[in-house]
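The values are calculated or read from the model by the stated rules, or taken from the named source; none is laboratory data. Just so it is clear, the model here is predicted, and its values are computed rather than measured. Here Cβ is always computed from backbone atoms with ideal geometry, including for glycine, and neighbour counts include all displayed protein chains.
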């Protein structure tokens, strides 16, 4: 694995916003990047399920779960679905579950914590809206970059020899 974010911060300091260092790596691929697809949902992962069921090549799913940790917004089944559909990674401002299984999947997954409780399925949540957490507002179509150093966002794609 390479340390991409320090280079991006140095080379593009005027173009990037770095999320607060509150996320943990749960997937086996801490290095990922792509265009943001956003969803805001609180304790209901219905919209997450819908999105990971769609093609995700070149995309990062950004989930604003309000930082709530009472239930998981992604578990092994949804992570496997995201992997099958080519998603580059997922950033969840909330919890995941099945942490042991997720650690073996070749998918980038950042979240706040693990919680064994599944979420509700009420069909609630909104997609393709700006989401704000960890000190940054992320808009649909922004570019999200992640590695073991954290997560950063840019309104435009960034150039780097490793990308």
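Residues checked against (1) crowded, with 19+ Cβ neighbours inside 10 Å; (2) part of a helix (DSSP H, G or I); (3) in contact (Cβ under 8 Å) with a residue 60 or more places away in the chain:
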{"residue": "8", "(1), (2), (3)": "yes, yes, yes"}
{"residue": "13", "(1), (2), (3)": "no, no, no"}
{"residue": "28", "(1), (2), (3)": "no, no, yes"}
{"residue": "33", "(1), (2), (3)": "yes, no, yes"}
{"residue": "36", "(1), (2), (3)": "yes, no, yes"}
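Quick check on residue 61: is it under 18 Å from residue 147 (Cα atoms), surrounded by 24 or more Cβ atoms within 10 Å (Cβ to Cβ), touching a strand residue (DSSP E or B) at 6+ places or on another chain (Cβ under 8 Å) and without any contact (Cβ under 8 Å) to a residue 40 or more places away in the chain?
yes
Can you pull out every residue in the stretch 15-26 that is closer than 27 Å to residue 101 by Cβ and assigned to a strand (DSSP E or B)?
Within the stretch 15-26, 24, 25 qualify.
Can you confirm whether the stretch 92-112 contains a residue that is out of contact with any helix residue (DSSP H, G or I) (no Cβ under 7 Å at 6 or more places or on another chain), closer than 20 Å to residue 29 by Cα and either in a helix (DSSP H, G or I) or at pLDDT below 95 (or both)?
yes
Which of (1) surrounded by 15 or more Cβ atoms within 10 Å (Cβ to Cβ); (2) under 24 Å from residue 53 (Cβ atoms); (3) touching a helix residue (DSSP H, G or I) at 6+ places or on another chain (Cβ under 6 Å) does residue 121 not meet, given it meets every other one?
Looking at each condition in turn, residue 121 falls short on (1).
Being out of contact with any strand residue (DSSP E or B) (no Cβ under 8 Å at 6 or more places or on another chain) and either under 14 Å from residue 108 (Cβ atoms) or crowded, with 21+ Cβ neighbours inside 10 Å (or both): is that true of residue 77 here?
When the stated conditions are applied, residue 77 does not pass them.
Pairs only if they're at least six apart or on different chains, beta carbon under 7 angstrom, first in the stretch 126-143 and on the phi > 0 side of the Ramachandran plot and in a loop (DSSP other than H, G, I, E, B), second surrounded by 15 or more Cβ atoms within 10 Å (Cβ to Cβ) and modelled with pLDDT of 95 or more; list them, first residue then second.
Short answer, once both residue conditions are applied: 128/38; 128/140; 134/19; 134/22; 134/93; 135/19; 141/35; 141/36.
Given (1) in contact with a strand residue (DSSP E or B) (Cβ under 6 Å, 6 or more places away or on another chain); (2) under 22 Å from residue 124 (Cβ atoms), identify the lone condition not met by residue 56.
(1)
Take the residues of the stretch 149-163 that are over 13 Å from residue 17 (Cβ atoms) and modelled with pLDDT of 95 or more: which is surrounded by the fewest Cβ atoms within 10 Å (Cβ to Cβ)?
Within the stretch 149-163, the match that is surrounded by the fewest Cβ atoms within 10 Å (Cβ to Cβ) is 157.
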